[in-house]
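The values are calculated or read from the model by the stated rules, or taken from the named source; none is laboratory data. Owing to the predicted nature of the structure, the values given are computational and were not obtained by experimental measurement. Note that we place each Cβ from the backbone using ideal geometry, even for glycine, and neighbour counts take in every protein chain shown.
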Amino acid sequence: MGQTQPPVPAQFAKPGAYVAALAGLLLAMNELSMLSAGFLDLQGEAWTFHDLLSPGVWDQRAGWNAALTPDRLSEWQGMFAVYLGLYVIFVVTAAVGLWKATGNVVRWFVLPVASAAVVEIVAAAILALLRCSQGGCLDSPWVDAVAWITIAKWGLLGLLLLALAVAFLWHPLAHLGRALRIVRAVYIQRFSLLAFLPIALLAVVPGTRLTDMFDQLPDVQRQWLDGGAGLWHAACAGAMHLGVLLPAIFLLGRLRADWATRRVAGEGRWPWLTQAGERRQQNLHLWLIGPVVLGALAAFSAIRDPGSVVWGRLLAFCAVPLVVYAGSWLLRSRCRPGRRLPGAVPAGYAQDVMAVGDILAVASVSLAGLGTVRALTAPAAISVAQGDLLGAWPGLLALLGVALAIATWPIAARVLAKIHDLSAAPDSSPWSWLSSVATPGVNVVTAPDQDRYAVDGKPQTLARTVLMAFSVVGFLAVSLAPRWAAGAFGALAVTIFAMAVLIVMVGVIVAYTQEREKPELFQLPLATLAVLGLIVVCLLPQDLGGWVAGVRVGAAVFAVVVLLVGLVVTYRRRGEETIRTAGFGPSWTPVVPLFLLAVLLANLVGSPSDVHPVAHTPSDAERPTMAEVFATWVDEADACTSSFTFGPRELEVRPMLMMAAEGGGLRASYWTAAALDEIAAAGDGCGSHSTLFSGGASGGAFGLTLARFTDDPLASVKAIAGSKALGAASMAMVGGDLLASATGIRLESSTPGRASDRAWLDRAGMMETVWADQVGLPAETNFLSSAPSGDVTGQLVLTSTVVRSACRALVSQVTLGADRTTCPGSTGPRSFDLLGAYGCLDDVPALTAGLLASRFPYVTPSGSVDGCGDRSFLQLVDGGYTDNTGLGTIRNLAGQWAPLVQAHNKRVLEGADEPLVLPVVVYLENGTGSAFGVSPQDAADAPTDDPDDQGPAPLDWAVTPESLVPPVTGYRARDHKVTATPSLQRAVGLTWAALCTTSAPRCGALKRELAAWSPQVFVVHQSPQPTVSAPLGWVLSQASQDDLDSDLAEQLATPCPELPLDPGCRAGYANLSQLVALLGR
């Protein structure tokens, strides 16, 4: 009996290192090019480094003669020199690699491309050195010549790519067969890929000014350099990756490779038959492990807190494995097996599967190094460009990241070769256990002289058991202690751990089920189709009405009938060979579809707010009307007033601010809080009493909330800028939230920052309590009943979005009207007063209100509100889906505040001795001004808030599955979203019209003279600068904070008349400098 040799490790050291080197260079070059977008010329335009060397260079060549200030030109030249240096290394590396990898014909295209690139680099360097600050120093023929060189380079590159395509198509079947083998192997190793792919994509996919969300993970890594626990969190992330994720991916990959090796050795009969020709039936008792473990966990949780388990959800989830067990047991006891076998696989099958598994494991480490390159290149390049070499030390860490990305491949190749050599070592070797665990096909023996074979699965039992135990224990840890773990180890470390335990758990279960026959239930021809059909049924809308109900009931009846008929027919034909393959692959047990079905069934049971409820507290607080708010504002003693000569009278003018804070994660919160600090300090502090109300969405709304309920809003944002809340939410998303949603087991949690000591918290609640603890917010701080700590925001009217209707639900401290909850509602087109319409909410914690407007996709779930009386159930998400600006709220409420201003000013114009009210809109824009622009076409094409527009028809879904909430809401709100350009233009008209009516004396003259005296619309936006861009998300490094501080300082330093190229100033709006001056006159 001969020994079957295990597959040999693939030789991937050189190709892997080569690709990693090129990827690292491209990432660094891209980061530098993105930084260059911050070098605005004196006309307000910018050209990135990529633009100047791109295929479309002919239209971009004017950038060589753009005028920059001397300081900015020096920085640009320094950064461009670094860019060209990286470009040289890239060209040389790519040329050498392609020359060695391609054939004789193709390689002769490599040299011309490389030569053209070198000439382009030299010419570009000369132009950069000759460029002058005033612009126009470079002769057009030289600039045109460099453009032609660049165009020639791209043309030659196109020919090279064409040659490679021809070489590929020269033997299409061979290449196609190789590609299909790779795809098949990747599919088998899909769980190893999923264990690290989401984090890897966030680490290396470049962000842009429009997709700053992809800059969140790099900002987490930059935060490691801020001191404090940063370096410890970096060490934890590295240890978690190398000590947990890498071994888990590697062992899972080798487990799948072992399965593939046994498929080859089994000659088309394994995993269904043993050596003696007996069936390898699944151990059906294993299908009881899940219900038993979950039942014990539920009992434990119920004993500690009787209300913590939704038993209906638990029974619905457990019903799926129990049905599989019962049905398969009945079929096994009544039927004989069929004789259809799995079929043979190619000899290279196992080699392909193992190679892909090993490459994925090594790639996870290499990509971690590349993520460091992307995170730290920008801060290092800025320091170099500014001549601060000491401040460029993050570049050393980026170089270490490159070294890690490249060196991982040859080091891993040597380690894998050593593991392979151990497979031939005697059993007495101290490392023999590693061979038995990590070598595919150990003890797979064949007898060439017989039509017999043996496939011994026992050697891999250890690997499977270790991985399963790790994942189960790890999942419980993830579910029980997310906040503690996130604070102790950092967001990235705990996210790596949470992703690893979840994916490995599912992967091991799938691997086991594929090592034996399918459960007998799924050997019925239509059983698998019935499962998939039930999944579709569960995803159908849940309102029992109309044709939807007919489809739902009909599909459910069909699925049940299929299962029952199959069981009856099988029972009646007992003794015959009735079991046959269902046609979905002989060894395929639909584990993932079964899990999905169980989760969907569980979500049909109980209240929709069982998992993601909106926290609320009993309260008898009465909200003021807008008239009462205005009267209180008018009576404020410490008001900002300025003298204004109007005809024979000397009037006192009091600006009435209405704030609109744009959303965008913690960056928007920081920007809002920083701007409010400056506004509050204006006029010796009178600015803090100048605002009537503020509206906003997402991070802007959360910044307003912190400003309303904390003494120092900017310090509060800085306090929550760490990664603890994000890490807790990431762990809860794949731990406690998933457990509660699927099984109804809601593990209780301590609730600092809440009135109750212990309660169920979903990941949104986790974030709220972490933040409340970090800013020191008392547990009893509620949105309505608690006295505000600061007045700079005025009353809050925050915007949330209803998933089902894409309607704006206003979370308001002011009574806005509760007569309607449909679109249009009582507060204007497509909006309604949430707390007025849903009186059962009474009051909500302050941070809950802020987060209701800031429920960022996937990081935080939708908030569920049960119906009050005849009100329907609501799912609430980020207000940015429908109005990310906050300007829509000011415009929609104009019917309430404008008449109050007009009536007051009429009395003043008639002789009353009171200050004249000047309505002012302040837009805190979380961007660089490009969102509102100056194009009249933008305003013409933008959606409008037509009072008669009912918005999209509500969905038939009563409850939208959480995974579908972001795309569904985004799709339904796409044509009904408030945009900045037309909203700002309308704000100009609104504030002008609200000054007075024609019935007031000399109203027209007042409007004309006040228009010349002061603007009424102010835009506070960030400035395009070559700095580290602050990301969209819930972490903000010190480098990102410094970027925002620099932008705010620029806004404060210079008024619009001196900034003719500023986007907001060009559009006709005033800036923060002018607003502070108005308040301090």
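Numerical summary
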| item | result |
| --- | --- |
| Members of the stretch 217-257 that are under 21 Å from Ala405 (Cβ atoms) and modelled with pLDDT under 85 | none |
| Flag if Leu193 is touching a residue at least 60 places away in the same chain (Cβ under 8 Å), assigned by TED's automatic domain parsing to the domain that holds Val106 and either farther than 30 Å from Ala498 by Cα or under 39 Å from the mean Cα position of the chain (by Cα) (or both) | no |
| Out of Val917, Val988, Val978, sole residue that is aliphatic (A, V, I, L, M), at pLDDT 80 or above, under 23 Å from Asp878 (Cβ atoms) and surrounded by 15 or more Cβ atoms within 10 Å (Cβ to Cβ) | Val978 |
| Search result, residues across the stretch 1030-1053 that are under 17 Å from Ala715 (Cβ atoms) and without any contact (Cβ under 8 Å) to a residue 40 or more places away in the chain | Asp1042 |
| Qualifying residue in the stretch 591-605 (condition: in contact with a Phe, Trp or Tyr (Cβ under 9 Å, 6 or more places away or on another chain) and either of a type in the set (Gly, Ala, Ser) or at pLDDT below 55 (or both)) | yes |
| Helices (runs of 4 or more DSSP H) wholly inside the stretch 147-241 that include at least 2 residues being not aliphatic (A, V, I, L, M) | 172-188, 190-194, 216-223, 230-240 |
| Residues of the stretch 296-327 satisfying the condition of being within 33 Å of the chain's Cα centre (by Cα) and free of Cβ contacts under 8 Å to residues at least 12 places away in the same chain | Gly307 |
| Flag if Ser301 is farther than 25 Å from Val592 by Cβ and touching a Ser or Thr at 6+ places or on another chain (Cβ under 9 Å) | yes |
| Condition check for Ala481: among the hydrophobic types (A, V, I, L, M, F, W, C), at pLDDT 90 or above and under 24 Å from the mean Cα position of the chain (by Cα) | no |
| One residue from Ala165, Ala152 being within 30 Å of Ala101 (Cβ to Cβ) and either of a type in the set (Asp, Glu) or free of Cβ contacts under 8 Å to residues at least 24 places away in the same chain (or both) | Ala165 |
| Residues of the stretch 779-795 classified as surrounded by fewer than 18 Cβ atoms within 10 Å (Cβ to Cβ) and farther than 15 Å from Asp711 by Cα, total | 3 |
| Residues of the stretch 636-687 classified as surrounded by fewer than 21 Cβ atoms within 10 Å (Cβ to Cβ), of a type in the set (S, T, N, Q) and within 28 Å of Ser983 (Cβ to Cβ), total | 1 |
| Qualifying residue in the stretch 157-168 (condition: closer than 30 Å to Glu45 by Cβ and either modelled with pLDDT of 85 or more or small (Gly, Ala, Ser) (or both)) | yes |
| Residues located in the stretch 266-282, provided they are surrounded by fewer than 17 Cβ atoms within 10 Å (Cβ to Cβ) and either of a type in the set (A, V, I, L, M, F, W, C) or within 40 Å of the chain's Cα centre (by Cα) (or both) | Ala276 |
| Single unsatisfied condition, Leu231 versus (1) touching a residue at least 60 places away in the same chain (Cβ under 8 Å); (2) outside the structural domain of Leu42 (by TED's automatic domain parsing) | (1) |
| Residue match in the stretch 271-284 (condition: farther than 21 Å from Ser741 by Cα, modelled with pLDDT under 90, small (Gly, Ala, Ser) and in a loop (DSSP other than H, G, I, E, B)) | yes |
| Which listed residue, of Thr632, Thr641, Thr645, is assigned by TED's automatic domain parsing to the domain that holds Gly895, of a type in the set (S, T, N, Q) and touching a Lys or Arg at 6+ places or on another chain (Cβ under 8 Å) | Thr641 |
